[in-house]
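Written out below as structure tokens is the structure these notes cover.
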Amino acid sequence: MSAVARGVALLCCFAALPAHAADSEVVVWHSYRAGEALALDAAVNDFRAQHPEIQIRVLAVPYGAYQQKLIAAIPGGHGPDLFIAAHDQLGDMVKRDLIDPVPEPLSAQQFLDETLAPLRGPDGKSWGWPMAFKTLVLFYRTDQVPEPPATTDALIATAEKLTGDGRFGLAYPLAEFYFHAPWFFGAGAELLTADANDVRFDSPAATRSGELLRLFAVEKKLVPSDANGALVTEMFNQGKAAMVVNGPWFIAELRPDLPYALTPLPILSANGTPAKPLSTIEALFLAKGRARPEVRALATFLVSDAGARRRAVGAGQPVANRALYDDPDLQNGPLPVFRKQLTNTVPMPTAPLTALVWEPLNEALRQIARGALSPERAFQEAAARVRLLNQPLPAEANPAPYVLVILLALAGVLTVALWRTPTGLLSRLVQARTAYAFLLPTAIGMTLLVGVPFLMGLGLGFFAFGPGEIRFVGFANFTSIIAAQEYPITHPLSFYFTMAVTVLWTFANVSLHLLLGFGLALLLTPSWLKGRALFRVLLILPWTIPNYITALIFKGLFNTQFGAINALLEAMGLPPVHWFDSFWPAFCANLTTNVWLGFPFMMVTVLGALQAIPPDLYDAARVDGASAIQRFFKVTLPQVGPALVPAVVLGTIWTFNMFNIVFLVSEGQPEGSTDILVTEAYRWAFVRNGRYGYAAAYSTIIFVILALYTVLTRRLLSARQGARS
Amino acid sequence: MNRPPLLWRLLAYAALGVASIIALFPVYAVVVMAVSRAPGFSAVVTPDWANLTLDHLRTFVSTHDAQGRWLFGRQLINSLIVAGAATGVGLLFAASAGYAFSRFKFPGHRLGMVGFFVTQMFPGTMMIVPLYLIANHLGLVDTVVGLVFVYATTSLPFCVWTLKGYFDTIPIDIDEAALIDGASRVRTFYQVLLPLVRPALAVTALFSFLGAWNEFVLAATFLSREEKFTLPVTLYRHVGAYGADWGAFAAGSIVVSLPVCILFLTLQRHLVGGLSSGAVK
Amino acid sequence: MATITLDKIAKRYGDTVVLNELSLTINDGEFVVLVGPSGCGKTTLLRMIAGLLEPSQGSVRIDGNDVTQTAPGDRDIAMVFQSYALYPHMSVRENIAFPLKVRRRDPAFIQARVNEVAQQLGLDPLLDRKPAALSGGQRQRVAMGRAIVREPKAFLFDEPLSNLDAALRGRMRGEIAALHRRLKATMVYVTHDQHEAMTLADRLVLLNKGTIEQMGAPLTVYQRPRTRFVAEFLGSPPMNFLAATRNGAELFGNGFKLTPAADAAAQPLPEKVWVGVRPEALCLSPRTHAVEAEIDWVERTGSDGFLYARVGDAPLVARLDASQTHPLEPGSRITLGFDELSLFDAESGRALGAQS
Ligand SMILES: Nc1ncnc2c1ncn2[C@@H]1O[C@H](COP(=O)(O)OP(=O)(O)OP(=O)(O)O)[C@@H](O)[C@H]1O
Ligand SMILES: [Mg+2]
């Protein structure tokens, strides 16, 4: 049982969760796609051929849902026996009690040391079977770069020659620490202190790596400033980027006829040490309590040389098995380059603190690449930010007073309710039995599948989840959020700033939805309009497209270099906008996306309300001599207005919690300033160290704000109606 | 009917035209990406019309699993079943609840209506794990039935509110006439009133169907067999940890969105239309 | 057929008393018309008979069986609504067939019955239309058809003709009367229309503020109103009221003096009374009693002539033969004679015995 599950069980007085019904099937989960997924299937098929008696089920889960699914399913007894994940999640998985260590010792003859070490626990046990590693090397177009650069100076020189005219000598996602890591570690910087309790990147070495980034991005402009993974791929394929820092997955994205080659990353000219990218070990993990013989057999086979060969040959995976690097078939492929690079890598750290460093580091890199902060300052701020995020778990609180207060409150509510209830409640209940019969299915469904999870969510906010423990902390999560001591209110990472942004976001969206919806609905109503049905269909279209698709598409359209929107601006003679470099453009990008997908709902609602106005009213107003504008304000608006109230209130609630758009379009950039409360809550739960209780407290605060808003609107509306009548 | 001057009419058409183009543009972008050989977003800006391909589409539609089963076909059917059943169940629940809220006064009436709103306020992402645990207790995990009920209940608040509002517009005389004619409450509900709220049913049906059809996080969390997946789960698989296959994603987006678009096209008249009021007045 | 008995039924909403311990027995085959000012509880009463409302107190019996808790559909009562409440999505045929279908009658029987009813009401050519495609009168007839198709024990009508024009209303009134003669069913009929009330009713029940003000044969109620309220409510134009003070056996008012017939003296008259005179009782020739009046204006409707005048400050309407009104000019003074009058206690409004 995971900590979350235990907390929940505690809260709801639920009995222990059912144990997994042992079945003969072996279930493997992964989030591979394309070639890697196929290669894995092939390896599994080989095993099936050898062991026809063992049933195996392989499931490819979308990456976006993988982590949540593991967290929810394994404690629930519906998880896999084996699953593939990167080793840096090891800490979190151990903390959540999701995995068991590998039952037998792994052979150092079979696997590369670099792949074994990161999986080893403090007691020397291995927590997973190494399958492959991922790290970065230098890709270069052989038609543009005759001689791969061996040092960063050479790299800069080569890149300078190839930069200009819409081309870049080098491309990689500048603002992702993963891609900056080679320079960072090459310069001798370290992420964490030896005891892994604090960060160490406010160091001169880190600053040096920042200087290199400045050189690339600001001084020489060798690297496009807002390249993301997809963009880098496009640029390299089109010859717009001559060199690219990238990993093994990149190969599958390249055009088959592309003239390119790989080489290990260059040596840093400043100190003569090779660049050291992070290495991530992809491992096969054993889900808690599933160490059945057939599971072990399958795991052993998948990581055996034969199984690894499938993946190495089939998908070009840099596998963990030593033997494959002597394999003549693979000598000329990219694998030896990765193998060579692996000796100069830093394993992705797994200490719990690591989960907290990425956001601040990425932010620091973004600042440096924009020239907004000096490398030194940027890294200092990032370190400070991590230290703030890394506050110790709140102290355990005594639940007794809380329970007492809850009980008293319940009793109070009950007494008041009984006292205020008119006499004959029982007979009224009996009288209403028909009504209750009609309500029964909804009531059951809502209670079980919405009400209970909702109460559990509320309750979780009073707990904190530490490594292998949960503790009741009372209001600590709430007070720490509301007090918001970490940052001044005006700082983009402060709770109040986020809240202000959320309110602005909601207000802007709902207003624009209303304005556009109303305007278009009015345009669609006149009887002389031809092609009404067509227009209506076209305008409803955005509603039909899933919002994550919309978000991802808009994210692409807003891209600085390749996005259609900047292309349009340029076509009109306007300068391109760096959409995600400063608050307002990023906010507008989010806004545009959400307005695009949200206005049809309002338009349809208004259309319906417009149709419900009796035409007599317009005729009467016309006879009374009202102009079109007067008719709108005196007839249309008062008639449509009340019908829109529920839509507006619902729209407000939905927009307030519109996770997908902010999370996928601006991703909170810059500096987390466009984050809204829900994305912030999500980050606390799933990105920053699994502080589930803190995230639940965030959600509760969101809920309270929205509840207050609803109550307020109701009050205002009924007061207004009261004044009118 | 008097018409405004030509200039105004032209302006109205222009405004609608521009709005439609903006509404269509991202759709156009998806289509271009889906049929371009060069992957990614630059295809939108500089489409290579001479070099189009249906490969992405074909790949998406023709996925088979290791056992040689046509996954796309199964997943399409799953999606249809899940979304269809969720809509049906949701509508049935919502209609009967909306009827109760519209026609009866009972202790808990106000509380119930407010309760529906309240549930919309807690962020959905934070409810997934608790929801999963409950569903697990009820034995609903990894079953289509579970997903159906979860989807149905998520759409309930909106549907109940909409339907209650629509029931309110139907004079109570109609119910009473039916009751006096000897129909039971249940019969009055489904034979007399349900047909009258058809426009609202269409709207809420579309709404629930859309929600259930497009959802992927819950589906991916709840379902653990590839042949039981719904289409959005498969679609989202093209966006991975290390980059994405935009061509396939775009092609998949089209395939996933198409049925909903068709449904909207056929039902859009009802979206805003009301039944001719006739004898109700 | 059915006898409907209401036993001390009351309806309250919180502190509002809509009906107050009202008892009424409607005999088998009787046509009872409920009249009364707006909001007096007619619809409420009807809906309690139908079972659509539960009385706060008291019981409803049909043929001696207590049906207070019986569902409307099981009371074997039909109701025609003011709004008709036709099912908009069903054709006329389906509308009429609905009560039988609900009762799972044999389809062949239903068809025969629907055709029969349609023929009676002249609806045959409209059977496949939807209500939206019918005129007001046709809809009304469909509503009637739906009520009579199942031959219920009793019919309830809530202002069934109020949405129709005068001519159609007249015709439908005749049809309802004919229907009653033919079916001999118990009928309870709510209306605001005096004509309907007077012509249709076997018995008129006048409600006021949730209680029965007076009931009886329409003519009796008309001629012998028990209170000033009843006298004022029935008749169009309504009865004239002149304030008078008794002095011995004589009544003095502003501009008139009259001596009520001797039989009234059996009952000592109070000090202050209202003298009620029906507009049609007044004539230009000298009669037992007379009042001096000044003419305000004259209305002629072809057959009738209405004379609006003032006796002192009190307004007075006289209904005369149209031909008689020709010489009359506004502003002139005339003497109006009458034989019949009613006297009401000025304080309680109660009638003081019929006068002539
Ligand atoms: N649900 C209710 N709550 C409170 N008062 C009500 C309710 N329903 C009806 N009433 C009151 O009961 C009284 C009688 O209503 P009812 O409809 O019976 O009048 P009516 O005699 O049919 O009037 P009309 O001739 O205008 O149709 C009215 O004063 C009305 O305001
Ligand atoms: Mg009434």
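The values are calculated or read from the model by the stated rules, or taken from the named source; none is laboratory data. All of these numbers come straight from a predicted model, not from anything done at the bench. All Cβ positions, glycine included, derive from the backbone under ideal geometry; neighbour counts span all protein chains shown. All accessible areas refer to the heavy atoms of the entire protein, side chains included, with ligands and DNA or RNA removed. Shrake-Rupley method; radii C 1.70, N 1.55, O 1.52, S 1.80 Å.
Side notes on the structure shown:
- Model label zone, C:Thr301; criterion: amide N under 13 Å from point 7 Å along Cα-to-beta-carbon; scope segment C:216-238: C:235-238
- Inter-probe distance in nm under a simple model that places probes 7 Å from Cα toward Cβ, at B:Arg58 and A:Trp528: 5.2 nm
- Here's the list of aspartates and glutamates a cross-link from B:Lys228 could span, going by alpha-carbon distance under 20 Å and ignoring same-chain residues fewer than 8 apart: A:Asp23, A:Glu25, A:Asp41, A:Asp81, B:Asp65, B:Asp142, B:Glu215.
- FRET efficiency, A:Arg48 to A:Leu716 (Cβ-Cβ, R0 60 Å, nearest 0.05): 0.35
- Share antiparallel - DSSP beta bridges, chain A, percent rounded to 5: 70 percent
- Straight-line reach from A:Lys125: taking Cα to Cα under 15 Å and skipping same-chain neighbours fewer than 8 places apart, the aspartates and glutamates in range are A:Asp100, A:Glu104, A:Asp113.
- Per residue convex hull volume, Cα atoms of segment C:157-271, in Å³: 156 Å³
- Over the Cα atoms of segment C:96-138, the radius of gyration divided by the Kirkwood radius equals 1.00; this is the Rg/Rh ratio.
- Close Lys-Lys pairs in chain C, where close means Cα under 27 Å and separation is 8 or more or interchain: 16
- Relative to its residue count, segment A:495-691 spans a Cα convex hull of 151 Å³ per residue.
- Between helix A:152-162 and chain A: long-axis angle, C-alpha atoms, 0 to 90°, nearest 10: 60 degrees
- Sorted largest first by accessible area at a 1.4 angstrom probe radius, with every protein chain in place, the residues A:His513, C:His192 fall in the order C:His192, A:His513.
- Among the residues of A:73-83, the average count of other protein chain beta-carbon atoms within 10 Å of the residue beta-carbon is 3.
- Placing R0 at 30 angstrom, the Cβ-Cβ distance between A:Arg433 and B:Ile81 gives a FRET efficiency of 0.30 after rounding to 0.05.
- If R0 equals 45 Å, the separation of the Cβ atoms of C:Arg333 and C:Thr199 corresponds to a calculated FRET efficiency of about 0.75.
- Of the residues A:Lys530, C:Lys11, A:Lys69, the one with the largest accessible area comes first in the ranking A:Lys530, C:Lys11, A:Lys69, computed with a 1.4 Å probe on protein heavy atoms.
- Net +/- balance of residues flanking A:Ala291 in space, Cβ distance below 9 Å, scoring K and R +1, D and E -1: +1
- Beta bridges from DSSP with both residues in the protein assembly as shown: antiparallel share about 75 percent, rounded to the nearest 5.
- Heavy atoms of A:Ser427 accessible to a 1.4 Å probe, total area in Å² rounded to 10: 60 Å²
- Candidate residues A:Trp584, B:Trp213: accessible-area rank, largest first, probe 1.4 Å: A:Trp584, B:Trp213
- Beyond 46 Å, the tail of the calculated P(r) for the protein assembly as shown holds 52 percent of the Cα pairs.
- Shape of segment A:398-447 from the C-alpha gyration tensor: oblate (a/c of 1.5 or more and a/b not above b/c, with a ≥ b ≥ c the square roots of its eigenvalues).
- Probe 1.4 Å - accessible area at B:Phe216, Å² to nearest ten: 20 Å²
- Area accessible to solvent at B:Trp161, 1.4 Å probe radius, in Å²: 60 Å²
- Between 0 and 90°, nearest 10: helix B:128-137 axis offset from chain B longest Cα axis: 70 degrees
- Taking the Cα centre of chain B as origin and assigning +1 to Lys and Arg Cβ atoms and -1 to Asp and Glu Cβ atoms, the resulting dipole is close to 500 debye.
- For segment C:193-285, the relative contact order works out to 20 percent when only alpha carbon pairs closer than 8 Å and six or more residues apart are counted.
- Each residue, A:Leu418 and C:Ala177, gets one label point 7 Å from its Cα in the Cβ direction; the gap between the two is 6.4 nm.
- The equivalent ellipsoid that matches the C-alpha gyration tensor of chain A spans semi-axes of 49, 36, 26 angstrom, in descending order.
- Prolate/oblate/rounded label for chain B (Cα gyration tensor, a/c 1.5): oblate
- Tilt relative to chain A, helix A:305-315 - C-alpha long axis, 0 to 90 degrees, to 10: 60 degrees
- Taking a ≥ b ≥ c as the square roots of the eigenvalues of the alpha carbon gyration tensor, segment A:320-400 is oblate, as a/c is not under 1.5 and a/b does not beat b/c.
- Segment C:Asp321-C:Arg224, length gained on full extension (0.36 nm per residue, minus Cα span): 32.5 nm
- Distance from the alpha carbon centroid of segment B:62-84 to that of segment C:231-309 works out to 93 angstrom.
- Chain C - share of DSSP beta bridges that are antiparallel (%, nearest 5): 80 percent
- Euclidean distance between Cα centres, segment C:60-127 to segment A:109-185, Å: 84 Å
- Evaluated at q = 0.10, 0.14, 0.16, 0.21 Å⁻¹: base-10 log I(q)/I(0), Debye formula over Cα of segment C:1-155: -0.41, -0.77, -0.94, -1.26
- The amide H of C:Ala154, built 1.01 Å from its N in the peptide plane, has C:Ala78 as neighbours under 5 Å, considering only residues 5 or more places off or on other chains.
- Listed by chain and number, the lysines whose C-alpha is less than 24 Å from the C-alpha of A:Lys220, apart from same-chain residues fewer than 8 away, are A:Lys161, A:Lys240, A:Lys276.
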